[in-house]
1. Considering only DSSP beta bridges whose two residues both sit in the stretch 142-254, what percent are antiparallel, to the nearest 5?
2. Under 5 Å between amide H atoms, partner at least 5 residues away or on a different chain: which partners does V347 have, H built in plane at 1.01 Å?
3. With the contact rule set at Cα under 8 Å and sequence spacing of 6 or more, what percent relative contact order holds for the stretch 66-194?
4. Over the Cα atoms of the stretch 127-285, what Rg and Dmax result, in angstrom?
5. Taking square-rooted eigenvalues a ≥ b ≥ c of the alpha carbon gyration tensor, is the stretch 1-46 rounded, prolate or oblate, where a/c under 1.5 means rounded and, failing that, a/b exceeding b/c means prolate?
6. Residue by residue through the stretch 286-298, what is 3J(HN,Hα) from phi via Karplus (6.51 cos²θ - 1.76 cosθ + 1.60, θ = phi - 60°)? Round to whole Hz and write x for glycine and proline.
7. Pulled fully out, how much extra length does the chain show between S71 and A456, if you take 0.36 nm times their separation in residues and subtract their Cα-Cα distance?
8. Over all alpha-carbon pairs in the stretch 81-140, figure out the percentage whose distance exceeds 20 Å.
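No value in this document is a laboratory result; all are computed from the given coordinates. The model shown is predicted, which means the values in this text are computed figures rather than measured ones. Heads up, the Cβs are rebuilt from the backbone with ideal geometry, glycines too, and the neighbour counts pull from every protein chain shown.
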Amino acid sequence: MGGHEQHHVVLFPVMAQGHINPFIALADLLHRRRPDLKITIVNTPLNIQSIKSSLPPNSTIRLRSLPFSPSDHGLPPGTESTAGLPFSLFINLLEASESLHPHFEQLLHDIAMEDGHLPSCIIADNFLAWTVETARKLGISHSVFITGGAFGHGLLLSIGLHFLRLPTTQTNHVSVPDFPEIQIDWSQLPRHLFVPDNADKWTGFFHRQNSYCFQSNSMLVNTVKEFETTGLSMLHKLFGLPVFPVGPVLCKPLSSSLDDVSRCVEWLDSHRPGTVLYVSFGSQNSINASQMMELAVGLEESGKPFIWVIRPPFGLDVGAEFNPEWLPEGYEERMREKKQGLLLVHVWAPQLDILGHGSTAAFLSHCGWNSVLESLSHGVPIIGWPLGGEQMYNSKFLEEEVGVCLELARGNREDMMSAKVEREGVKKVVEMVMGGTEKGVEMKKKAMEISELIRASMEVNNGVMGSS
Ligand code: UDP
């Protein structure tokens, strides 16, 4: 392209909120760093509508829809996001994204007609690495963006590539094929893959996307170099591409109501510094009914104050009305009277306000990557309870490589690989992390060190870690 043409980057996240949000944050970062850059986000119609509603009205980021009909792919009407889908539909939707190929190519031609030239660069989700074929054909530069962490994705991608070569019967430890020095536990393998049909589809999809990744020009990862040197070199070893840590690109979470913000902040104000545990399993996951009961008792018996974001137990509809039977008898009243627990039921918690408050000592988290970055940027150590996907490997990384996490449990599904959680275990881990033990003190120290690294990168990125 000629020197006088305006550079134009096209961003294409996969159809999942947890990917779309970091792409919006990346678009915002690019815009702040290079205001002269033209930026377009591409997606299916419903996702474009939701992206539009999360951009400021005067945003110069452009949005373009690709035609998509869920019913053509055996999906219920309106299915344009992987959130909450059972695995068979989840993989259908991922596979369906490959059908966007001709529409995407047409869109780039349309842009060329309008602007007089093609865009200069495509940044696509690693689940949409097929876009590299279009990029190659049209002579456009291409990058893959991994919205999560490097170590977690290094393991997830390697395991996805070689899943059919992994042991099919239970063993104590499994060596990760590309990284034999890394051992994972049997229960850290993706559980949904133990259904043969799922395994075939998933492995096929992963193989295709990964082989496209090899043809890309580079890989961008939402992480910080000094924090994830191991993971970044794992990705480089897997794909042989230049790998650029561009993080943290921190998504601005949905705003909580002002009432909920002040309720939480006032409650935290009434507790001593560094004494409160924050418990949340992210935006879409929950634990099962018996785990919820054991967690409740364990938290109470730990005697530590806590804020707990409660969602219906796994298996119930996400919007199911709160039922006091999810918790031990009289629990809510007792927690209120003792001022021990603030239960946020069906509330979008002001997570950044909570993590940023001086009373918060630790975060019991599912180890979703946004939660990890948010917690560590505030120097808050983590009690890990990963529930799926690469969360298992995030937790492993944070515990074994970084020393800022202690894993309490993993999994939520009622299957053989889900850990049984007992109240004594909850109490013990909470005590270890928050009770002034040598381990807890060391974890806090490490978390503070990582906080410095993340904050230094945020300054470079001109990032804003505002409250909601
Ligand atoms: N979040 C929040 N309030 C809630 C639940 C989640 O603000 O009640 C935000 C949280 O701050 C984070 C995001 O939602 O930015 C969750 O992302 P993460 O990657 O941790 O997990 P996911 O929800 O994608 O599993």
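1. Expressed as a percentage, antiparallel bridges in the stretch 142-254 total about 35.
2. Distant-sequence amide H within range of V347: I310.
3. Working: 106 pairs, mean separation 17.9, N = 129.
For the stretch 66-194, the relative contact order is 14 percent.
4. Looking at the stretch 127-285, its Cα Rg and Dmax stand at 19.9, 61 Å.
5. oblate
6. Rounded to whole hertz, the list is 8, 8, 8, 4, 6, 5, 5, 5, 5, 4, 4, 5, x.
7. Numbers: separation 385, 0.36 × 385 = 138.60 nm, distance 4.68 nm.
Between S71 and A456, full extension yields an extra 133.9 nm.
8. On the way: 613 of 1770 pairs.
More than 20 Å apart: 35 percent of the Cα pairs in the stretch 81-140.
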